[in-house]
1. For the stretch 28-57, what are the residues that are touching a Pro at 6+ places or on another chain (Cβ under 8 Å) and over 12 Å from Val11 (Cβ atoms)?
2. Quick one: in the stretch 140-176, of everything that is at pLDDT 85 or above and not polar (S, T, N, Q), which residue is surrounded by the most Cβ atoms within 10 Å (Cβ to Cβ)?
3. At pLDDT 95 or above, of a type in the set (A, V, I, L, M) and under 17 Å from the mean Cα position of the chain (by Cα): does that describe Val11?
4. Just checking, which of Ala9, Ala36 is in contact with a strand residue (DSSP E or B) (Cβ under 6 Å, 6 or more places away or on another chain), without any contact (Cβ under 8 Å) to a residue 40 or more places away in the chain and not in a loop (DSSP other than H, G, I, E, B)?
5. Consider Leu59 carefully, then state whether it is touching a Ser or Thr at 6+ places or on another chain (Cβ under 6 Å) and either assigned by TED's automatic domain parsing to the domain that holds Gly40 or of a type in the set (Gly, Ala, Ser) (or both).
6. For the stretch 55-85, which positions are under 14 Å from the mean Cα position of the chain (by Cα) and either buried (at least 22 other Cβ atoms within 10 Å of the Cβ) or of a type in the set (A, V, I, L, M, F, W, C) (or both)?
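The values are calculated or read from the model by the stated rules, or taken from the named source; none is laboratory data. Because the structure is a prediction, the values reported are computed rather than measured. A quick note on method: Cβ atoms are made from the backbone with ideal geometry, for glycine too, and the neighbour counts reach across all protein chains shown.
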Amino acid sequence: MPSSPVAVALVEDEAEVRECFERAIAANPQLRLLQACSTGAAMQQWLAAHPVDVLLVDLGLPDVPGLEVIRHARRVQPACSVMVISAFADAAHMVPAFEAGACGYLVKDGTEDELARHVLDLHAGGSPMSPIIARQLLLRWQGPAPRAGKARAPAGADELSPREREVLRLVARGCSYQEAGACLGITTATVQAHVRNLYAKLEVHSKTEAVFEARQLGLLDWA
């Protein structure tokens, strides 16, 4: 256990998500939240004058890219450990984040309850990662050999309906079920029903796994 609370700052533009992270940090006596910003520029300005042990960064910020916030933190506070918490779980976002200086990477899907433990692990010298991120790092390290799963794609992958594909693309972009419903003109309950069908057809158990599997199968032509 750290002798004094670990000083934490976070930048996340979605108010609901930010408040959830704030509660998770406040609930652990080993952590102390010093600052929570909704924009990258505000966090960069704050970091210039306030030492912090751990910085949590969302990549999809509305002004300054999260990668720039990470690079700035590494310049002005080299001792600060940076961890990404993002809806993006693909190599196109993961690799640049690590190259910029992040030491951990969590996908928002299901990370909130364990956030405090991950922050403490990071501060202790670890590199917390969501399983889907660790898997992609392993695949990248193993080289460009064809993925075995390509030869045994889930039986239902070819049976996705046009609406299910639309829901999948919106979820892959980080939309909540409510946002996806608003975009498609359907209810949140209907979106959830489509997501359940997606899970069954892709043989997965979470949004993150569904997006990963869809990318591997070429179902997300924009990614």
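1. Within the stretch 28-57, Pro29, Gln30, Leu31, Arg32 qualify.
2. Val167
3. Working: at pLDDT 95 or above: yes; of a type in the set (A, V, I, L, M): yes; under 17 Å from the mean Cα position of the chain (by Cα): yes.
Yes: the conditions hold for Val11.
4. Working: Ala9 fails: without any contact (Cβ under 8 Å) to a residue 40 or more places away in the chain.
Of the residues listed, the single one that is in contact with a strand residue (DSSP E or B) (Cβ under 6 Å, 6 or more places away or on another chain), without any contact (Cβ under 8 Å) to a residue 40 or more places away in the chain and not in a loop (DSSP other than H, G, I, E, B) is Ala36.
5. On the way: touching a Ser or Thr at 6+ places or on another chain (Cβ under 6 Å): yes; either assigned by TED's automatic domain parsing to the domain that holds Gly40 or of a type in the set (Gly, Ala, Ser) (or both): yes.
When the stated conditions are applied, Leu59 passes them.
6. Keep residues of the stretch 55-85 that are under 14 Å from the mean Cα position of the chain (by Cα), which gives 56-61, 66-67, 82-85.
Within the stretch 55-85, Leu56, Val57, Asp58, Leu59, Leu61, Gly66, Leu67, Val82, Met83, Val84, Ile85 qualify.
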